[in-house]
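Undergrad: Take this structure, written in C-alpha cells, and hold onto it; I'll ask about it next.
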Amino acid sequence: MLSNHLHNGIEAPKLAWSRLPNSEDGEPDTVGLIKKSDESSIESLDYEVIENYAYWEEQAQRGKLYVGYYVMVKWFFALLIGIGTGLAAVFINLSVENFAGWKFALTFAIIQKSYVAGFLVYVLINLVLVFSSVYIVTQFAPAAAGSGIPEIKGYLNGVDMPGILLFRTLIGKIFGSIGSVGGGLALGKEGPLVHTGACIASLLGQGGSSKYHLRSRWLQIFNSDRDRRDLVTCGCAAGVSAAFRAPVGGVLFALEEVTSWWKSQLMWRVFFTSAIVAVVVRTAMGWCKSGKCGHFGSGGFIIWDISDGQEDYSFEEFLPMAVIGVIGGLLGALFNQLTFYIAYWRRNYLHKNGNRVKIIEACLISLITSIISFGLPLLRNCSPCPEADPDSGIECPRPPGMYGNYVNFYCSKDKEYNDLATIFFNTQDDAIRNLFSAKTIHEYSAQSLLTFLVMFYSLAVVTFGTAVPAGQFVPGIMIGSTYGRLVGMFVVKVYKKLNIEEGTYALLGAASFLGGSMRMTVSLCVIMVEITNNLKLLPLIMLVLLISKAVGDAFNEGLYEEQARLRSIPLLESRPKYQMRKMTAKEASGKRVISFPRVVKVADVVSILRSNNHNGFPVIDHARNGETLVIGLMLRSHLLVLLQSKVDFQHSPLPCDPRGSRSIRHTISEFVKPASSKGLSIHDIRLSSDDLEMYIDLAPFLNPSPYIVPEDMSLTKVYNLFRQLGLRHIFVVPRPSRVIGLITRKDLLIEENEDSASMELQSTSVRARHRDRSKVGRNGDVERPLLTSLLV
C-alpha cells in the first residue's frame, strides 16, 4: 500500500514559516502550513509550471498565432488596469476633496457666528465619515482594513491569503478610504490605492467576480498564479502612479518594495500601465480645472511644485541636512516600534471583543482628532500678516480649508493669521503644500511646529491599525516636513543667507522620515523628485534617504516588514539569515514525508488528505527490477480536483497509458484555484462507498520534474533558489551516485532558423535530449528526472 518511508524532506523553507508566532498549532509533522488562531490558513502560491501531460498536450495545440494573441492580451490587460486604477484614484480624490471642502466651508460659515456650533458641526461630520468607513470594513470587507501593502507584498512573495483581492475588498477599500481620509484621521489614501490597483488587476485577470455575478467569459484567460502575479504587480505600480502622479516612481516601487521576482518583459508592461494611469489622472485634472468638480481645485492629487524654491545650496548646509537624516531614522524606527506594539495589543486583546469594539475605537479616535485639530489652534495667538509681495502670489489671510497659506482662524483682526490652524485645521494635502512652500520664511513659529509634530505624531501612531483603510505615506510626509521645517528655521537663523528656503528642508525632512520608517531608497527618491518638480534637490534627497535608512536599520525592520510579521505573513526576505550558512537542507526539511504510489486507492487518498495538511506529496513507482523510483510531485489541490470530478477513477489497480484519452479529460485551468479564495476542501467532496473502492493513476497529473537539492546543500543556497524561482516545494535527496550529463551555458543557447520546422542546437548533448524529450517520462520503465538514489 502506501509508502511512508521517505526519510528525506520536502519544502525546505519550513524553518522560515515555523519561526513566526502561531505558526504551528496542528500535528508536529505538518509541513509548510500556518494555522492561525482565527482558523484561517495561509498557504503558498503555485508559481512553478507543472509540466505534466495535460500541460504538454495543451502546449502542443498552441501555435505561434496563439503566442502572439497571448502577448497582445497581456498588454490589453495592462491598459485596462491602468484605466481602472486611474478612474478609481480620480473618484477617491474627488470624493475626499469635496467632502473635506464642504466640511470646512460649512464649519467656517458657522464659526462666523458661533465657534461652539462650528465645533459641533465639525466633529459630527468627521464622526459620520469615519463611522461609514469603519462600518463598511467591519461588516462588509474585513480585508480592506489597513494599508494592504504588507498583504500584497506577501502575495507577490508567494503567500496566498484568502480575501485580500476580492471584489468586496475593492469596494471596501475605495469607500472606506473616502470616509477615513475625508473624516480627518491622521492617515492617507496612498497605501490603500496600491491595494486598490492590485484588486482591480486580480479581478480583471480572473474575469470578474462570480459571487456578485460580475463575470465575463472573454476575460477569463489568465488562470495561473504566475500570470496573476504579473497582473497584480502592474496593479501595485498603477496604485503608486495614481497616488503621486509618479509613473516612474510607481515602477520602481513595485520593483524595490513589493515584488520578489522580476523580468524585463514585466518591466515594460508595468511601465506602460503606470503611463496610462498618469494620462488618465492628468486628463481628469484638466477637466476639473473648468470648475466641474466642486471643491476639487488645484489640490487633491499630491503634487507640490517647489521648482521656484531654493536654487542652490552650500557645503556648510550638508551638516544640518545630515542631522535631518538622523532624526528621520530615529523617529521612523520609533514609529515602527510603537505601531507594532499597539497593533499587537489591538490584534490580540482589543479587537477580539468583536466588531462593535472596532467601531467604537475608530469613532473615539475620530473624536479625539477633531478636538485636537479644532481646539489647539484656538489656544494659539494669531500673528500679523507679512508685507504683501505681488511676485509671490501668496495672499494673507485666507479662510480655513482653502488652498493657500496664512489661514485666518479665531483672530481678532482681519490682517492676522493662525499658523497652527494653517497646518492643523486643514486637509493634509494642503497642509503639506503649505509646509513645502517657498518664500514664506517666518510663517510658522517653532512652538507651533513643535506642538503640531508631537500631537500629529501621536495621532498617527494611535490611528494606524484601526479597522479602516489607512496609508502612511501622507502622515509620514506631514511628520517629516514639520521637523524638517524646524531645522530649516534654525539654519536660516544661524547661517543668515538669503537663498535658504525653509520649504527645502521640509521636503528633506519628509524624505528622511519615509526612509527611516518604510526603508525605501530608490523608488522613494524618484517619487519625491516627481511630486516636487525639482531635480536640483536629487543629491540632497539621496543623502538624507541613505542616512535615515542606515539609522533605522540599526534598530528594527521597515514598517511593512514589521506589519507583515505581526500578521504572521511568512515573507522570504531578499537575504537569508546568517544562521542558515551553518545549516543544511536535511536539517531544515521535515522529518516525515507522506508519499503516494503511482496508482492509489481513492479511500487512501481521502484518508491521507483528511489526516494532515500537507500540500505536496511525492509519488513513487517501481521499476521492473523492483527498484523504487520517485516519479514526481502531486499537489493537494490537484488531488481534490480529481476526487471531485471522479472522471479519472478506474477499477483496475494497474497503471493506465498516459498517452491515451485519459490524459486530456482535464485542462490546466481546472486545477487553478480562484484568486484570494480558500479553494476546494476535502470536506466539500462527497464520495460513495463504491467510489472509495476505486483507484486513480496519478502519473498524468503529477509534476514529473520538481526541483531537487542534495541533502548536504547549505540552507543559504536552498533559500536563494526557493525565493528567486518562486517555488513551493523542493525535494531533499541523498547525494547522487552517478552523473548522466553536464549542462553549461553553451548547451542552453538555441538558434531558430528561417525554417520553422528545424531548430539548431549548439550542443550535441542538447540535440540528443531534445530529440528524445517526448520519450522521457512517458514510459514508466525509463529513467526520469528523479531517478535512482532518491530513496534509500
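The values are calculated or read from the model by the stated rules, or taken from the named source; none is laboratory data. Predicted model only: the values in this text are computed from it and were never measured. FYI the Cβ positions are ideal-geometry reconstructions off the backbone, even for glycines, and counts take in every protein chain you see. To get the accessible areas, we keep the full protein, side chains included, count just its heavy atoms, and leave off ligands, DNA and RNA. Shrake-Rupley method; radii C 1.70, N 1.55, O 1.52, S 1.80 Å.
Undergrad: Go through (1) surrounded by fewer than 18 Cβ atoms within 10 Å (Cβ to Cβ); (2) in contact with a strand residue (DSSP E or B) (Cβ under 6 Å, 6 or more places away or on another chain); (3) of a type in the set (D, E, K, R) and name the single condition Asp697 misses.
TA: (1)
Undergrad: Cβ-Cβ below 7 Å, separation at least six or inter-chain, first residue in segment 83-101 and within 15 Å of Gly235 (Cβ to Cβ) and open to solvent by 20 Å² or more (accessible area, probe 1.4 Å), second in a helix (DSSP H, G or I) and aromatic (Phe, Trp, Tyr): which pairs?
TA: none
Undergrad: Can you tell me how many residues within segment 415-444 are in contact with a Gly (Cβ under 8 Å, 6 or more places away or on another chain), in a helix (DSSP H, G or I) and polar (S, T, N, Q)?
TA: Total meeting the criteria: 2.
Undergrad: Is it the case that Glu151 is assigned to a helix (DSSP H, G or I), among the charged types (D, E, K, R), in contact (Cβ under 8 Å) with a residue 24 or more places away in the chain and under 30 Å from Ser44 (Cα atoms)? Break it down stepwise before answering.
TA: Values: assigned to a helix (DSSP H, G or I): yes; among the charged types (D, E, K, R): yes; in contact (Cβ under 8 Å) with a residue 24 or more places away in the chain: yes; under 30 Å from Ser44 (Cα atoms): yes.
Considered against the rule, which asks whether it is assigned to a helix (DSSP H, G or I), among the charged types (D, E, K, R), in contact (Cβ under 8 Å) with a residue 24 or more places away in the chain and under 30 Å from Ser44 (Cα atoms), Glu151 comes out as yes.
Undergrad: Sort through Gly82, Gly68, Gly86 and tell me the only one that's more than 23 Å from the chain's Cα centre (by Cα) and small (Gly, Ala, Ser).
TA: Details: Gly82 fails: more than 23 Å from the chain's Cα centre (by Cα); Gly86 fails: more than 23 Å from the chain's Cα centre (by Cα).
Of Gly82, Gly68, Gly86, the one residue that is more than 23 Å from the chain's Cα centre (by Cα) and small (Gly, Ala, Ser) is Gly68.
Undergrad: Moving to a separate point now. Across segment 419-449, which residue is surrounded by the most Cβ atoms within 10 Å (Cβ to Cβ) among those that are over 18 Å from Val96 (Cα atoms) and of a type in the set (Phe, Trp, Tyr)?
TA: Narrowing segment 419-449 to residues over 18 Å from Val96 (Cα atoms): 419-422, 434-449.
Next, from what is left, pick out any that are of a type in the set (Phe, Trp, Tyr): 436, 444.
Values: Phe436: 27, Tyr444: 24.
The qualifying residue surrounded by the most Cβ atoms within 10 Å (Cβ to Cβ) is Phe436.
Undergrad: Within segment 531-547, track down each residue that is in contact with a Leu (Cβ under 8 Å, 6 or more places away or on another chain) and within 28 Å of Tyr341 (Cβ to Cβ).
TA: Those that are in contact with a Leu (Cβ under 8 Å, 6 or more places away or on another chain) and within 28 Å of Tyr341 (Cβ to Cβ): Val544, Leu545.
Undergrad: Cβ-Cβ under 6 Å, sequence separation 6+ or interchain: first residue in segment 696-713 and within 13 Å of His666 (Cβ to Cβ), partner modelled with pLDDT of 90 or more and among the basic types (Lys, Arg). Which pairs?
TA: Leu698/Arg598
Undergrad: Same structure, new question: Within segment 662-672, identify whether any single residue is outside any loop (DSSP other than H, G, I, E, B), open to solvent by 40 Å² or more (accessible area, probe 1.4 Å) and at pLDDT 90 or above, and answer yes or no.
TA: Residues of segment 662-672 outside any loop (DSSP other than H, G, I, E, B): 662-664, 668-671.
Still in the list and also open to solvent by 40 Å² or more (accessible area, probe 1.4 Å): 662, 664, 668-670.
With at pLDDT 90 or above added as a condition, the list becomes none.
No: zero hits.
Undergrad: What number goes with the only condition from (1) under 20 Å from Phe473 (Cβ atoms); (2) in contact with a Gly (Cβ under 8 Å, 6 or more places away or on another chain) that Met161 does not pass?
TA: Result: Met161 fails condition (1) only.
Undergrad: Restricting attention to segment 492-517, and to residues there that are in a helix (DSSP H, G or I) and either surrounded by fewer than 24 Cβ atoms within 10 Å (Cβ to Cβ) or of a type in the set (Lys, Arg) (or both), which single residue is modelled with the lowest pLDDT?
TA: Of everything passing the filter in segment 492-517, Tyr495 is modelled with the lowest pLDDT.
Undergrad: Let me ask something else about it. Go through segment 530-545 and give me each residue that's closer than 16 Å to Pro320 by Cβ, open to solvent by 40 Å² or more (accessible area, probe 1.4 Å) and either in contact (Cβ under 8 Å) with a residue 40 or more places away in the chain or within 23 Å of the chain's Cα centre (by Cα) (or both).
TA: The answer is Leu543, and nothing else.
Undergrad: Among the residues of segment 709-741 satisfying the criterion of being of a type in the set (A, V, I, L, M) and in a loop (DSSP other than H, G, I, E, B), which is nearest to Leu255 (Cα to Cα)?
TA: Step one: list which residues in segment 709-741 are of a type in the set (A, V, I, L, M), which gives 709, 713, 715, 718, 721, 725, 727, 730, 732-733, 739-740.
Checking the rest, the ones that are also in a loop (DSSP other than H, G, I, E, B) come to 713, 727, 730, 739-740.
Numbers: Met713: 29, Leu727: 19, Ile730: 26, Val739: 39, Ile740: 39 Å.
Result: Leu727.
Undergrad: Do any residues in segment 112-131 that are within 14 Å of Phe99 (Cβ to Cβ) have Cβ atoms under 7 Å from those of residues that are surrounded by fewer than 16 Cβ atoms within 10 Å (Cβ to Cβ), where the two are at least six apart or on different chains, and which pairs are they?
TA: Val121/Leu106; Leu127/Leu367
Undergrad: Output the residues belonging to segment 533-570 that are out of contact with any Asp or Glu (no Cβ under 7 Å at 6 or more places or on another chain) and polar (S, T, N, Q).
TA: Across segment 533-570, the qualifying residues are Asn534, Ser548, Gln563, Ser568.
Undergrad: Pick from segment 545-584 the residues that are aromatic (Phe, Trp, Tyr) and in a helix (DSSP H, G or I): which of them is nearest to Leu507 (Cα to Cα)? Spell out the reasoning first.
TA: To start, the set of residues in segment 545-584 that are aromatic (Phe, Trp, Tyr) comprises 555, 560, 578.
Still in the running and in a helix (DSSP H, G or I): 560, 578.
Numbers: Tyr560: 23, Tyr578: 37 Å.
Here the residue is Tyr560.
Undergrad: Give just the number: which of (1) closer than 24 Å to Arg728 by Cα; (2) exposed (fewer than 14 other Cβ atoms within 10 Å of the Cβ) does Ile631 not satisfy?
TA: (2)
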